[in-house]
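One structure is given below, encoded as structure tokens.
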Amino acid sequence: MRVMVIGASRDRNKFGNRALRTYIELGHDVVAINPKVGEIEGVRAYAGVLDPPGPIDRAIVYLPPEIGIEVVRELDQRNDVHELWISPGAESDELIEEAKRLGFDPIQACAIVDATRG
């Protein structure tokens, strides 16, 4: 599975880093999105969601809702994102409504927990 972690972080205590490490450890092809760094946990970090090649099986948002809503609009432009996960704390009614308006079926849950279910 190709997984895009939006809001990936070098801080190992943040969920954007924990998700990145979890998906790497499980053998997935991971794409990190962070405009401030070039690499996280040995994975190339892209500045924005439009930059990496696709397709993307799962995009996971770890951003404040006011930034996340713009990112969801950019993800829609890709036309190759199959699942959209909105992490706890990244959601807002407006973001979820916009994601649905754009044709996504946003999943509001912890993608780390989902990944580790056997």
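Any read-out appearing in this document is the output of simple, stated calculations on the displayed coordinates, not a laboratory observation. Given the structure is predicted, the values throughout are model-derived calculations rather than measurements. Virtual Cβ from ideal backbone geometry, glycine too; neighbours counted across all protein chains shown.
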Antiparallel content of DSSP bridges confined to the chain, in %, to 5:
10 percent
Computed from the coordinates I sent, P(r) over Cα pairs in 5 Å bins from 0, in percent equals one of (i) 2, 10, 15, 12, 8, 6, 6, 6, 7, 7, 7, 6, 3, 2, 2, 1, 0; (ii) 2, 13, 26, 26, 21, 10, 2, 0; (iii) 2, 10, 21, 23, 18, 13, 8, 4, 1, 0. Tell me the label.
(ii)
Hey, what number do you get for the chain at 222 nm if only DSSP H runs of n ≥ 4 count, each worth -39500 (n - 2.57), divided across all residues, to the nearest 500?
-10000 deg cm²/dmol
What does the charge count around Trp85 come to, taking other residues whose C-beta lies under 12 Å from its C-beta (Lys +1, Arg +1, Asp -1, Glu -1)?
-4
Karplus-derived 3J(HN,Hα), 6.51/-1.76/1.60, for each residue of segment 68-74, Hz, glycine and proline x
x, 5, 5, 5, 4, 5, 5
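Which of the trypsin sites (Lys or Arg not before Pro) across segment 1-46 are loop residues per DSSP, with 13 or fewer other Cβ within 10 Å?
The qualifying sites are Arg12, Lys36.
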Residue-count net charge about Asp57 - beta-carbon cut-off 10 Å; Lys, Arg +1, Asp, Glu -1
-1
